[in-house]
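Input: a single structure, listed below in structure tokens.
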Number of protein chains: 2
Amino acid sequence: MRPVSVIGVGQTPVGEHWAKSLRDLGVEATRAALADAGIDRVDALFAGSMLSGLLCQQENLATLIAAFAGFPGIEALKIEAACASGGAVVRVAQLAVASGAHEVVVAVGIEKMTDLAIDGVTAALATAADADYEAAHGVTFSALNALLMRLYMERYGCQRADFAPFVITAHENARANPYAMFRESVTTQDFLDSPMVADPISILDSSPVCDGAAAVVLCSTERAREFSDRPVRILASATATDTLGLAPRKDPLWFQAVYESTHRAYRQAGLRPADIDFFELHDAFTIVSALSLEAACFAERGQGVRFAQEGHIQREGKLPICTRGGLKARGHPVGASGTYQIVEAVQQLRGEAGENQLADCRIGIAQSVGGMASVAVTHILGV
Amino acid sequence: MRPVSVIGVGQTPVGEHWAKSLRDLGVEATRAALADAGIDRVDALFAGSMLSGLLCQQENLATLIAAFAGFPGIEALKIEAACASGGAVVRVAQLAVASGAHEVVVAVGIEKMTDLAIDGVTAALATAADADYEAAHGVTFSALNALLMRLYMERYGCQRADFAPFVITAHENARANPYAMFRESVTTQDFLDSPMVADPISILDSSPVCDGAAAVVLCSTERAREFSDRPVRILASATATDTLGLAPRKDPLWFQAVYESTHRAYRQAGLRPADIDFFELHDAFTIVSALSLEAACFAERGQGVRFAQEGHIQREGKLPICTRGGLKARGHPVGASGTYQIVEAVQQLRGEAGENQLADCRIGIAQSVGGMASVAVTHILGV
């Protein structure tokens, strides 16, 4: 496989974009990424989205964005992997360049979720679960994650308050991110006072329903410096899957797809957890953050929450996470979140993260997770 | 790019599968393709589907099929390109092998459309059109194609009856295909008597709403003979796009995406139209067949219908099309149809098409088209 690099990134602010359509968001992020790369044309466009059909009545999305972004005729395909769609689309774009089929491609993650009442959005999100054996019974992702969080608390003997550091850190990191949805700090007391969604999951354990799009431009590493004096290398790109339902799993508190995807990526890059400078993880709920830290082998089993409590996840800690606010505070437009993570990792590696800039940062992981961690897409990026 | 070959194919019968779920169909086709290849494991699975979310409330489809087909942990992603999804999924699978990321992968196209009332299906199919500028006005694909067919008849001076050969040939070719939905002959009189859907498009101009799944197993050409003594080479794989809407096009009777996709494929393969032995084209409506023959440069502009009338599209003609019944008579489970085309082309090239076997057949095209020909995916296959 020929090596692939990122030569441009772009994003829209995350929020409730009632005045912008799905296509507006996708085109805006795509054009921003091309402008960043200093180009006005690509050979192919891949669009990641989970819910464009269900929430916006728009399939054929990649073709639409290609035409409206100004690239008539190019190859364009949509990629879906539930809430991991934003990572998956970069995976396919990477394959397109690595194969030699294309020289310069753009991957754009797009989601518009706020044009519908919340119960409709909740039902649409439940299509990431097993339709016949889980979703048909009315289960929601808040409920499923609440089961995991309660089990975690009981098995490992911790309290709701112990999860607060994930939320506090995410909001702290979002403060200086102009693209983030929630740019205000929260305290442990705010967290404890926040209303329950599905006990023990509260509003502040959860990432928001929102709109947004993010894009990355890829080309072969060999040619990357023709376009950018700060290219970022994709050192690894790996997807792994697990059962959709929790029931068949040996241990619901073990994210096998996250483990497998991360370890495939470590092997591809020839790296170990100790080599990683930061981790853009999929903090859709606080419990997902804890279990992701464990499955990616940054914390022992049952120690993910303690890892956060000990301050390791903060910008000065040994493994900063969600450095621009994460899904929790930057926001979680589901099929776009994985692409936002890669945009943010590239900004860190280029030294363009402003007040959030990490010191000595050379290698980072961006990891996008779908369903109940039934699919995970991991990218390791480096300079 | 390293060359890629097909080493196994599988399919379910096309029809109204009320007793089988989306997953049953996908797993059945996948397992059949693996059995054909003589293997029981793949490195990755790509699923093509347009409507699994809208009609079956199931996204995260590739992960689901991977788990239920018995491949826990592997990479799995869903690909969507409207009614071209079944071709697009093979395109992405080809990139995965060509890049060297995987050795053996399966691409499966899956659609289940008959669990819903027809107006719901019509609305879901309309998500392939521009949601804001076309579908919002209530337009359907039958109506859009009726506009084209009427314009064609007026501009080129032909009658409804002139389109009959497309239908007669498709039904004739489906008779000996055990996987086809409609295995009975039709006559010109049947065609003329068939009830109108959107004048001048009748029931018999149209492909049916139905269920089905088809799968192909790919590996590098270098290793193909380890698995199969009859591998079929993918000589070209090319996607092209156009505007979603008809309004911005210079000439609505010219399928630019079909032209561009076919010509990219010709260039990749180093072939010309005269080298092609048969053409599995996207006969969703008779007018689409005529315009596809023209855009792929087998017939002059305005001569696609005459090309059919002159008998060239029959099994003994100079360019047989839809050799196992096409979308019209084998059936059109939308996100699976493009994969069925490739399965059928492989059967022809292996000499396994039974009563439908073409003589001296070495190179064939399978072409999957989405929306109003807003996206086209072309594969050239050869032995």
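Data overview
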item: Some residue of region A:1-24 being within 25 Å of residue A:376 (Cα to Cα), open to solvent by less than 10 Å² (accessible area, probe 1.4 Å) and facing chain B (nearest Cβ under 7 Å); result: no
item: Verdict on residue A:35 being assigned to a helix (DSSP H, G or I) and closer than 19 Å to residue A:377 by Cβ; result: no
item: Residue satisfying all of: in region B:25-37; more than 14 Å from every other protein chain (Cβ to nearest Cβ) and open to solvent by 10 Å² or more (accessible area, probe 1.4 Å); nearest to residue B:113 (Cα to Cα) among these; result: B:28
item: Residue in region A:299-313 that is over 25 Å from residue B:76 (Cα atoms) and within 18 Å of the chain's Cα centre (by Cα) present; result: yes
item: Members of region A:148-179 found to be farther than 23 Å from residue A:323 by Cβ and in a helix (DSSP H, G or I), listed by number; result: A:148, A:149, A:150, A:151, A:152, A:153, A:154, A:155, A:156, A:160, A:161
item: Residue among B:187, B:169 that is more than 30 Å from residue B:27 (Cα to Cα) and open to solvent by less than 20 Å² (accessible area, probe 1.4 Å); result: B:169
item: Among the candidates A:343, A:377, residue that is crowded, with 24+ Cβ neighbours inside 10 Å, modelled with pLDDT of 95 or more and within 14 Å of chain B (Cβ to nearest Cβ); result: A:377
item: Residues of region A:169-196 classified as touching a Gly at 6+ places or on another chain (Cβ under 6 Å) and under 20 Å from residue A:290 (Cβ atoms), total; result: 3
item: Residues within region A:242-259 that are out of contact with any helix residue (DSSP H, G or I) (no Cβ under 7 Å at 6 or more places or on another chain) and either aliphatic (A, V, I, L, M) or within 12 Å of another protein chain (Cβ to nearest Cβ) (or both), tallied; result: 7
item: Scope region A:111-168; condition among the acidic types (Asp, Glu), modelled with pLDDT under 95 and under 27 Å from residue A:293 (Cβ atoms); matching residues; result: A:134
item: Flag if residue B:339 is farther than 25 Å from residue B:79 by Cα, within 14 Å of the chain's Cα centre (by Cα) and in contact (Cβ under 8 Å) with a residue 40 or more places away in the chain; result: no
item: Single residue of B:373, B:345 found to be touching a His at 6+ places or on another chain (Cβ under 9 Å) and in a loop (DSSP other than H, G, I, E, B); result: B:373
item: Exclusive hit being out of contact with any Ser or Thr (no Cβ under 8 Å at 6 or more places or on another chain), among the hydroxyl-bearing types (Ser, Thr, Tyr) and within 30 Å of residue A:55 (Cα to Cα), set B:169, B:114, B:140; result: B:114
item: Elements of type helices (runs of 4 or more DSSP H) in region A:38-147, at least 1 residues being more than 9 Å from chain B (Cβ to nearest Cβ) and open to solvent by less than 10 Å² (accessible area, probe 1.4 Å); result: A:61-69, A:85-98, A:118-125
item: Residue B:182, sole failed condition from (1) in a loop (DSSP other than H, G, I, E, B); (2) within 30 Å of residue B:269 (Cβ to Cβ); (3) in contact (Cβ under 8 Å) with a residue 60 or more places away in the chain; result: (2)
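A quick yes/no check of all residues on (1) touching a residue at least 60 places away in the same chain (Cβ under 8 Å); (2) in contact with a Pro (Cβ under 9 Å, 6 or more places away or on another chain); (3) acidic (Asp, Glu); (4) farther than 26 Å from residue B:78 by Cβ:
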| position | (1), (2), (3), (4) |
| --- | --- |
| A:210 | yes, yes, no, no |
| A:214 | yes, yes, no, no |
| A:229 | no, no, yes, yes |
| A:237 | yes, no, no, no |
| A:240 | yes, no, no, no |
| A:247 | yes, no, no, no |
| A:261 | yes, no, no, no |
| A:273 | no, no, no, yes |
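The values are calculated or read from the model by the stated rules, or taken from the named source; none is laboratory data. Keep in mind that this is a model prediction, so the values were computed, not measured. Every residue, glycine among them, receives a Cβ derived from its backbone with ideal geometry; neighbour counts consider all protein chains shown. With ligands, DNA and RNA removed, areas are computed over all heavy atoms of the protein, side chains included. Shrake-Rupley method; radii C 1.70, N 1.55, O 1.52, S 1.80 Å.
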